[in-house]
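J.: Before anything else, here's the structure in question.
The values are calculated or read from the model by the stated rules, or taken from the named source; none is laboratory data. Small disclaimer: the values here were computed from a predicted structure and weren't measured. Cβ placement follows ideal geometry from the backbone for every residue including glycine, while neighbour counts extend to all protein chains displayed. Areas reflect the complete protein model, heavy atoms only, side chains present, ligands, DNA and RNA absent. Shrake-Rupley method; radii C 1.70, N 1.55, O 1.52, S 1.80 Å.
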Amino acid sequence: MTTATLEAPSESEIKPDELRGQVEALSRSKGEPDWLVAFRLASLEQALGMNWWTGQEESWRRTPRERLPRRARVGRVAGGSNGTPVSVPSHVFAPDAHAGMVHQIDGRVAASDLADQARAQGVIIKPLSAAAREHPGLIQEWLGSVGPPSDRYDAFGRALWTQGVFVYAPPGAVIDESLFYLITQDVEQGDHWHYTLVVAERESQLSLIDGGDADDRRAELGEAPLIHASVELIAEAGANLQFASVQRWHRQTAAISTTRGRVGRDATIRVTTAAFGADLDKQRIDMDMSQNGGYADIRGLFVGDGKQHIEHVTRQHHKGVGATSDLLIRGVLTDESQAVQYGLIRIEPEGQKTSAHQTMRNLLLDDGAGADPIPMLEIEADDVKCSHAAAVGPVDPDQLFYLQARGIPPKTAERMVVRGFLAEIADGVPDEHMRDVIDQLVEIQLEPARSSS
């Protein structure tokens, strides 16, 4: 795998006046209302008032600085009139059955539909710009409401997004099948910024699958693109919200995502991420457990090869009484790939009877691979249950011996162990089709590295 060398740009390369004009032009081209133009511009001013990360921050100091482009520019949008569906290529993530779907290709709508059963309950799944026109009250109420930007990338992402989706379940709505938001990128068009907003009102139930794919992902690019995703998940009292993100980006891509969840009283948010592809993949997941009795489940799965760097930065922030959060990350690393997991459980003094746990496990299939799991606890309450566990190591030789003793070839035995190791994460994805896709992507990712075994 060839990795592009990226130099961090100087501040002079960001031209504020030029960016302001581009952001306003982008918003107007999408027919967005004035208040959304103002939201974008206010986010841009926040970003311009921030600094790039220096590498001294705890959540950034293990990120390879030279492989992450520190820049802000509006991504190109595919040709065609706004809102007009474009041709749909075959998409590995697209299911046969679903409750609703939005598929965007480089910022243009390729497909958008909603099942009658979901529509009858008032469920919404629409491109974000269209939802701002058609449901302005809902978007104004919820957009950006989970919290301020976590860093400069996140602030720029709120201003520069060229595509996004709004998913909404009204009070009491129950949707059994998953909704899908699919993104196909032509990475030769440069950087891309996404914005996903999901709201589950009180006592509702919904699940969203977010699938991202890049065409010609093995082709060489003149410049490594930056892909950034901002995700906001809101579960009101008693709601059950499931979100799964499965990404397979081009191998030269620097992919950054920020996922924030706000868990209401006695509500549940389950987040599962699966990362494949990308030269550098950095995921930040923050859970706000301010309300009593909430539950958050965070799961991460990844397979790294070549010289990939895969990073998870997570925060379980407890203030509510009797809330529970669980974190489980499992990854498989081959060649010279590296992984970092920095997880923080923060419990405020009022967060009594909290139950919060972290588990990070990394399986190394080659001597050159490495992982650095770092679980952290900050506890100011005295009536809590907390635990953390971290492990890095090779495949258990006893497991391999057991399988090989029954006539299973070494390569097949190793694959079986790997698939069993990752199964607990993949099983948390609320869609059988997507679980099959993850299984296929694990095989694809392992094949180049293990073909000579």
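J.: Are there any pairs, at least 6 apart or on different chains, whose C-beta atoms fall under 6 Å, with the first in segment 282-293 and farther than 12 Å from residue 146 by Cα and without any contact (Cβ under 8 Å) to a residue 40 or more places away in the chain and the second open to solvent by 20 Å² or more (accessible area, probe 1.4 Å) and assigned to a strand (DSSP E or B), and if so, which?
T.: Going by the 6 Å Cβ cut-off, the qualifying pairs are 283/257.
J.: Based on what the data block shows, is residue 379 free of Cβ contacts under 8 Å to residues at least 40 places away in the same chain, surrounded by fewer than 21 Cβ atoms within 10 Å (Cβ to Cβ), aliphatic (A, V, I, L, M) and farther than 15 Å from residue 313 by Cα? Step through it out loud before you land on a result.
T.: Details: free of Cβ contacts under 8 Å to residues at least 40 places away in the same chain: yes; surrounded by fewer than 21 Cβ atoms within 10 Å (Cβ to Cβ): yes; aliphatic (A, V, I, L, M): yes; farther than 15 Å from residue 313 by Cα: yes.
Against the criterion (free of Cβ contacts under 8 Å to residues at least 40 places away in the same chain, surrounded by fewer than 21 Cβ atoms within 10 Å (Cβ to Cβ), aliphatic (A, V, I, L, M) and farther than 15 Å from residue 313 by Cα), residue 379 qualifies.
J.: Residues 222, 238: which one is open to solvent by 20 Å² or more (accessible area, probe 1.4 Å), free of Cβ contacts under 8 Å to residues at least 40 places away in the same chain, on the phi > 0 side of the Ramachandran plot and of a type outside the set (D, E, K, R)?
T.: On the way: 222 fails: on the phi > 0 side of the Ramachandran plot.
After applying the criteria, what remains is 238.
J.: Which condition number does residue 446 fail, the rest of (1) in a helix (DSSP H, G or I); (2) open to solvent by less than 30 Å² (accessible area, probe 1.4 Å); (3) at pLDDT 85 or above; (4) within 20 Å of residue 329 (Cα to Cα) being met?
T.: It fails just one condition, (3).
J.: Just the residues that are open to solvent by less than 10 Å² (accessible area, probe 1.4 Å) and not in a strand (DSSP E or B), please, taken from segment 265-301.
T.: Selection gives 267, 278, 279, 294.
J.: Follow-up question, since we're still on this one. Could you list, in sequence order, all residues of segment 337-378 that are of a type in the set (Gly, Ala, Ser) and over 20 Å from residue 446 (Cβ atoms)? Working first, answer last.
T.: Taking segment 337-378 and keeping what is of a type in the set (Gly, Ala, Ser), we get 337, 339, 343, 351, 355-356, 368-371.
The answer is 343, 351, 355, 356.
J.: Restricting attention to segment 411-435, report how many residues are among the acidic types (Asp, Glu) and surrounded by 19 or more Cβ atoms within 10 Å (Cβ to Cβ).
T.: Residues of segment 411-435 among the acidic types (Asp, Glu): 414, 424, 427, 431-432.
After this cut, where a residue has to be surrounded by 19 or more Cβ atoms within 10 Å (Cβ to Cβ) as well, the list is 414, 431.
Total meeting the criteria: 2.
J.: Can you pull out every residue in segment 91-105 that is open to solvent by 10 Å² or more (accessible area, probe 1.4 Å) and either of a type in the set (D, E, K, R) or modelled with pLDDT of 85 or more (or both)? Reasoning before the result, please.
T.: First pass over segment 91-105, keeping only residues open to solvent by 10 Å² or more (accessible area, probe 1.4 Å): 91-92, 94-98, 101, 105.
If the condition is that a residue be open to solvent by 10 Å² or more (accessible area, probe 1.4 Å) and either of a type in the set (D, E, K, R) or modelled with pLDDT of 85 or more (or both), then 96, 98, 101, 105 are the ones that fit.
J.: Within segment 302-335, take every residue that is in a strand (DSSP E or B) and among the hydroxyl-bearing types (Ser, Thr, Tyr) and give me the one that is surrounded by the fewest Cβ atoms within 10 Å (Cβ to Cβ).
T.: Residues of segment 302-335 that are in a strand (DSSP E or B), as a first pass: 302-304, 309-318, 324-333.
Adding the requirement that they be among the hydroxyl-bearing types (Ser, Thr, Tyr) leaves 314, 324-325.
Details: 314: 26, 324: 21, 325: 27.
Here the answer is 324.
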